[in-house]
Amino acid sequence: MSSNGGAYPAWRGDGKELFYQNITNDYFACPVAVKGSEVEVGTPQRLFNTTSPGIGISFDVSSDGKRLLINHAEEEAQAPLQLLTNWPAELKK
């Protein structure tokens, strides 16, 4: 299907289209048809580019192939560091 590599394949519910992601976070849809004992693979169409986390399943496709759910991580905000000194005295108050 892809001469440039692909990962996380997901089939449309009827098996007529395969969705996948490449290493540069481009998402593709590729038509697939079974004709007798042969499988015809169409030309992959680039859908869009978006970042996804490196852990877990990056996306899934609806059964009709019209929607993709992307596991899109939000930017992690830095939590402020609070240092409490002499905390036993605080407990006595």
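Of the conditions (1) at pLDDT below 80; (2) loosely packed, with under 10 Cβ neighbours inside 10 Å, A73 fails just one. Which one is it?
Single failed check for A73: (2).
Name the single residue, out of those in the range 1-23 being in a loop (DSSP other than H, G, I, E, B) and under 15 Å from K66 (Cβ atoms), that is nearest to the chain's Cα centre (by Cα). Break it down stepwise before answering.
Restricting attention to the range 1-23, the residues satisfying the condition of being in a loop (DSSP other than H, G, I, E, B) are 1-6, 12-16, 22-23.
Those left that are additionally under 15 Å from K66 (Cβ atoms): 12-14, 16.
Details: R12: 15, G13: 18, D14: 21, K16: 20 Å.
So, considering only residues that are in a loop (DSSP other than H, G, I, E, B) and under 15 Å from K66 (Cβ atoms), the one nearest to the chain's Cα centre (by Cα) is R12.
Being modelled with pLDDT of 90 or more, surrounded by 12 or more Cβ atoms within 10 Å (Cβ to Cβ) and under 13 Å from Y20 (Cα atoms) is the filter here, so list the residues in the range 33-70 that pass it.
Correct list: P44, L47, V61, G65.
Considering only residues that are in contact with a Pro (Cβ under 9 Å, 6 or more places away or on another chain) and aromatic (F, W, Y), which ones fall in the range 1-32?
Of everything in the range 1-32, those that are in contact with a Pro (Cβ under 9 Å, 6 or more places away or on another chain) and aromatic (F, W, Y) turn out to be F19, Y20, F28.
In the range 24-42, which residues are within 13 Å of Y8 (Cβ to Cβ) and in a loop (DSSP other than H, G, I, E, B)?
Within the range 24-42, just N25 meets the criteria.
The values are calculated or read from the model by the stated rules, or taken from the named source; none is laboratory data. Note that the structure is a prediction, hence the values are computed from the model and not measured. A quick note on method: Cβ atoms are made from the backbone with ideal geometry, for glycine too, and the neighbour counts reach across all protein chains shown.
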